[in-house]
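Single-structure report; data block below.
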Ligand SMILES: Cc1cc2nc3c(=O)[nH]c(=O)nc-3n(C[C@H](O)[C@H](O)[C@H](O)COP(=O)(O)OP(=O)(O)OC[C@H]3O[C@@H](n4cnc5c(N)ncnc54)[C@H](O)[C@@H]3O)c2cc1C
Ligand code: SF4
Ligand code: SF4
């Protein structure tokens with residue numbers, strides 16, 4: 001399904017489920033909300049996207065099929081922290097955590 | 001043939017996208033068309049006058065109306081034609097609104113298409129025959145399926161009008177979910193107090209024949225004349241002998257769910273007040289030993305040899321009122337419903353605070369019987385959930401019953417800390433908003449905008465992990481009792497019932513009304529009516545209103561002695577029929593019979609679906625009003 005942020009009804013279940021939300025400066029539902037409001041740059045600036053574990057718990061709980069973790073992934077990618085060769089190796093079957101962990105390390 | 005064509009503008013609905021003047025003009029090219037006219041609203045009085053006058057003035061033998069779907073106004077226009085002396089089946093409708101104006105943006109293309117559809121209708125009308133509706137008798141008896149408040153109200157209203165009603169309820173007692181409720185929003189009157197009198201009325205009404213512990217097994221026939229087989233399940237108790245004393249219940253050694261014995265009466269005010277033996281948990285039926293209830297029963301009402309009984313009865317109309325269930329929570333593991341005794345559903349909470357429930361109305365935790373210091377209600381569990389595990393719709397009653405539960409808890413123990421997790425609080429309804437505000441303002445219930453992500457059992461308490469969306473921060477807490485407002489869904493037998501009644505269901509399994517606004521209690525199948533939760537989420541006042549409306553429709557039908565039947569039924573051309581019987585095999589209504597070397601259609605049973613005409617290899621079967629020749633002429637006109 002397309003990650004349509006407009007489907008979000010701001011229930012907060014993603015943030016309530018996220019194991020890292022308590023330590024984030026911007027909780028997962030806000031990534032969706034800001035994107036919905038046409039302000040993805042503020043998501044990029046948030047430290048939270050580097051706290052995300054890519055466990056996808058938020059996506060499993062979301063009643064509307066929105067994918068907050070993917071918003072974070074896009075935000076990370078959006079600021080050029082893509083290691084070309086890592087991303088090239090990303091395939092469907094690879095656990096999400098792998099490239100994320102690699103990116104996080106690359107950032108230092 | 002002398003044909004008149006009338007093109008409707010439907011205000012701007014059609015005119016904005018279809019060039020009405022152009023098609024009115026062009027259709028005159030057909031030599032059979034002797035008059036053609038356009039009009040702003042053909043369905044209005046002026047429009048109908050235009051048609052009837054033209055029929056008389058031009059001596060028309062056929063009429064083509066270019067307007068909206070025949071589902072909207074076919075009857076209107078056919079009545080007008082009949083008034084002017086034209087056989088109403090000599091009138092055809094070309095649907096240039098739904099099929100042209102509303103689905104196209106390009107005016108030129110839409111106009112061309114409208115012209116083609118009109119030409120097809122003209123081709124069809126040229127081959128039309130005058131048809132004459134028949135008559136069928138109305139059986140003056142109604143059937144109501146489901147004995148919740150919906151079925152109870154409908155049965156009472158029909159019976160009060162003087163018609164006999166059979167009420168079929170699958171469980172041992174009528175009452176449905178309302179009989180399990182403690183109090184009812186927004187007035188907080190006791191549910192049993194307002195329901196029980198109605199239940200007693202049903203049982204004692206001379207016009208109502210109650211079949212509890214029974215299910216409908218087969219439905220045949222058509223509006224005015226249904227034949228229904230009802231299976232009365234073996235209760236193992238002779239209803240004519242039982243006095244309802246309850247001695248058997250005391251004697252039964254089995255303890256099942258909610259402390260229910262193997263022989264049981266669902267609740268104290270059950271109607272009828274006659275127990276049933278659950279053969280799955282009864283020791284005698286399991287191991288052949290026990291029979292303690294039999295020994296205890298003075299009037300000798302226990303009958304282990306009882307068997308299912310089938311009765312067949314005729315009805316003129318049927319109401320479906322099969323109600324609802326709460327969804328199962330297996331897929332919602334994060335709330336820990338199965339893992340923790342103190343995580344319960346709202347219906348279970350209703351039982352706990354109910355004086356006739358398992359705790360005698362004491363608000364205590366299922367795990368240890370203690371009064372909870374804190375209760376957390378979670379709304380929208382599975383509602384408004386567009387994923388595979390939930391329901392995309394709003395269950396409608398949860399906001400209100402959660403406010404009711406919060407108030408009830410505070411009434412019983414003002415010291416309990418009560419909180420409600422919500423996404424939106426929806427309170428449209430008379431005195432609903434005031435009721436919810438009372439929970440907040442008078443009772444001090446804490447409403448938190450946000451949802452719970454996880455519930456974990458911990459040292460006899462429950463840890464919840466939630467979001468406070470207005471604080472934009474996490475709200476994690478330790479609580480004692482979690483109550484889940486589980487989404488509602490149609491009763492599991494609704495689909496089976498709908499199939500038997502040939503009554504359509506929607507994507508969520510609710511029985512569909514014929515029109516969402518204008519025919520809210522009728523099914524698309526004639527003679528079948530709906531009310532209550534089986535049709536969609538609704539509260540008791542709405543359910544009762546709908547039930548009375550359905551009853552009113554049924555009464556309107558039963559007062560008639562005869563119904564006119566649709567003449568558009570199948571008919572065999574005996575000269576071409578080889579008697580192969582393929583038509584009889586495909587007919588879903590059992591309307592075709594094979595007789596010696598040919599077949600015959602029972603016009604009363606035929607619904608005019610046309611399946612047989614397609615199956616017939618020799619082209620001997622024709623649907624009147626939609627003959628093969630007519631359909632081919634339409635196709636030729638469209639392709640020409
Ligand atoms: C926790 C909770 C609290 C509520 N509180 C309130 C409140 O305070 N106020 C309010 O207005 N509303 C309340 N409601 C809503 C209310 O319960 C419903 O509006 C009402 O019960 C609907 O009545 P019904 O007859 O349509 O369905 P039901 O009550 O479900 O009755 C349907 C009946 O049909 C029977 N049945 C099902 N299938 C068949 C079959 N195939 N053959 C024969 N019989 C069949 C069932 O056994 C049942 O007896 C509450 C709902 C819930 C879940
Ligand atoms: S994927 Fe990231 S944002 Fe989503 S729940 Fe896991 S850690 Fe939280
Ligand atoms: S769980 Fe889904 S709908 Fe709810 S706030 Fe998060 S993204 Fe929006």
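The values are calculated or read from the model by the stated rules, or taken from the named source; none is laboratory data. Not measured: the values here are computed from a predicted model. Counting neighbours? That spans all protein chains shown, and the Cβs are built from the backbone with ideal geometry, glycine included.
What to note about this one:
- Selection within segment B:179-189 - farther than 22 Å from residue B:438 by Cβ and surrounded by 21 or more Cβ atoms within 10 Å (Cβ to Cβ): B:179
- Boolean, residue B:206 is at pLDDT 95 or above and within 30 Å of residue B:164 (Cα to Cα): yes
- Subset tally (residues that are more than 9 Å from ligand 1 (Cβ to nearest atom) and touching a helix residue (DSSP H, G or I) at 6+ places or on another chain (Cβ under 8 Å)) for segment B:491-502: 0
- Within segment A:57-67, considering residues that are within 13 Å of ligand 2 (Cβ to nearest atom) and in contact (Cβ under 8 Å) with a residue 60 or more places away in the chain, the one farthest from the other protein chains (Cβ to nearest Cβ): A:67
- In summary, residue B:634 fulfils each of the numbered conditions (1) in a loop (DSSP other than H, G, I, E, B); (2) touching a residue at least 60 places away in the same chain (Cβ under 8 Å) with the single exception of condition (1).
For every residue, the table says whether it meets (1) crowded, with 24+ Cβ neighbours inside 10 Å; (2) more than 24 Å from residue B:606 (Cα to Cα); (3) touching a residue at least 12 places away in the same chain (Cβ under 8 Å).
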{"residue": "B:79", "(1), (2), (3)": "no, no, no"}
{"residue": "B:83", "(1), (2), (3)": "no, yes, yes"}
{"residue": "B:95", "(1), (2), (3)": "no, yes, yes"}
{"residue": "B:111", "(1), (2), (3)": "no, yes, yes"}
{"residue": "B:130", "(1), (2), (3)": "no, no, yes"}
{"residue": "B:147", "(1), (2), (3)": "yes, yes, yes"}
{"residue": "B:153", "(1), (2), (3)": "yes, yes, yes"}
{"residue": "B:163", "(1), (2), (3)": "no, yes, yes"}
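- If only residues of segment B:455-474 that are within 8 Å of another protein chain (Cβ to nearest Cβ) and in a loop (DSSP other than H, G, I, E, B) are counted, the one that is surrounded by the most Cβ atoms within 10 Å (Cβ to Cβ) is B:469.
- Spans of strands (runs of 3 or more DSSP E) in segment B:287-390 with at least 3 residues touching a residue at least 60 places away in the same chain (Cβ under 8 Å) and touching a helix residue (DSSP H, G or I) at 6+ places or on another chain (Cβ under 7 Å): B:317-320, B:374-381
- Condition met for residue B:460 (in contact with a strand residue (DSSP E or B) (Cβ under 8 Å, 6 or more places away or on another chain) and either over 22 Å from residue A:21 (Cα atoms) or within 16 Å of ligand 2 (Cβ to nearest atom) (or both)): no
- Residue in segment B:346-369 that is touching a strand residue (DSSP E or B) at 6+ places or on another chain (Cβ under 6 Å) and within 14 Å of chain A (Cβ to nearest Cβ) present: no
- Test result for residue B:218, assigned to a loop (DSSP other than H, G, I, E, B) and either within 27 Å of residue B:436 (Cβ to Cβ) or in contact with a strand residue (DSSP E or B) (Cβ under 7 Å, 6 or more places away or on another chain) (or both): no
- Identity of the residue in segment A:17-47, in contact (Cβ under 8 Å) with a residue 40 or more places away in the chain and within 19 Å of residue A:77 (Cβ to Cβ), that ends up nearest to ligand 3 (Cβ to nearest atom): A:28
- Residue B:255 being crowded, with 17+ Cβ neighbours inside 10 Å and in the same structural domain as residue B:286 (by TED's automatic domain parsing): no
- Residues of segment B:420-448 satisfying the condition of being within 12 Å of chain A (Cβ to nearest Cβ) and surrounded by 19 or more Cβ atoms within 10 Å (Cβ to Cβ): B:421, B:422, B:423, B:448
- Only listed residue being surrounded by 23 or more Cβ atoms within 10 Å (Cβ to Cβ) and more than 9 Å from ligand 2 (Cβ to nearest atom), chosen from A:16, A:22: A:16
- Only one of the numbered conditions (1) in a helix (DSSP H, G or I); (2) within 10 Å of ligand 2 (Cβ to nearest atom); (3) in contact with a helix residue (DSSP H, G or I) (Cβ under 6 Å, 6 or more places away or on another chain); (4) more than 7 Å from chain B (Cβ to nearest Cβ) is not met by residue A:54, and that is (1).
- Condition met for residue B:521 (touching a residue at least 60 places away in the same chain (Cβ under 8 Å) and over 18 Å from residue B:393 (Cα atoms)): no
- Verdict on residue B:394 being within 14 Å of residue B:486 (Cα to Cα), in contact with a strand residue (DSSP E or B) (Cβ under 9 Å, 6 or more places away or on another chain) and surrounded by fewer than 19 Cβ atoms within 10 Å (Cβ to Cβ): yes
- All positions within segment B:437-452 that are under 16 Å from residue B:408 (Cβ atoms) and part of a loop (DSSP other than H, G, I, E, B): B:442, B:443, B:444, B:445
- Of all residue pairs spaced 6 or more apart or on separate chains, none has beta-carbon atoms under 7 Å together with a first member in segment B:170-193 that is farther than 12 Å from residue B:401 by Cβ and outside the structural domain of residue B:358 (by TED's automatic domain parsing) and a second member that is in a loop (DSSP other than H, G, I, E, B) and within 16 Å of ligand 2 (Cβ to nearest atom).
- Subset of segment A:12-28 (residues that are in contact with a strand residue (DSSP E or B) (Cβ under 7 Å, 6 or more places away or on another chain) and over 17 Å from residue A:43 (Cβ atoms)): A:13, A:16, A:17, A:22
- Any hit, segment B:31-54, residues being out of contact with any helix residue (DSSP H, G or I) (no Cβ under 7 Å at 6 or more places or on another chain), closer than 16 Å to residue B:112 by Cα and surrounded by fewer than 21 Cβ atoms within 10 Å (Cβ to Cβ): no
- The condition of being assigned to a strand (DSSP E or B) and modelled with pLDDT of 95 or more holds for only one of B:419, B:434, that being B:419.
- Screening residue B:451 on (1) closer than 18 Å to residue B:395 by Cβ; (2) more than 16 Å from ligand 3 (Cβ to nearest atom); (3) touching a helix residue (DSSP H, G or I) at 6+ places or on another chain (Cβ under 9 Å) shows it passes everything except condition (2).
- Criterion (crowded, with 21+ Cβ neighbours inside 10 Å, in contact with a strand residue (DSSP E or B) (Cβ under 8 Å, 6 or more places away or on another chain) and farther than 27 Å from residue B:390 by Cβ) met by exactly one of B:320, B:276: B:276
- Where strands (runs of 3 or more DSSP E) fall entirely within segment B:489-578, those with at least 3 residues that are modelled with pLDDT of 95 or more and surrounded by 14 or more Cβ atoms within 10 Å (Cβ to Cβ) are at B:528-530.
- Any chance residue B:477 is in a strand (DSSP E or B) and either farther than 23 Å from residue B:191 by Cα or in the same structural domain as residue B:385 (by TED's automatic domain parsing) (or both): yes
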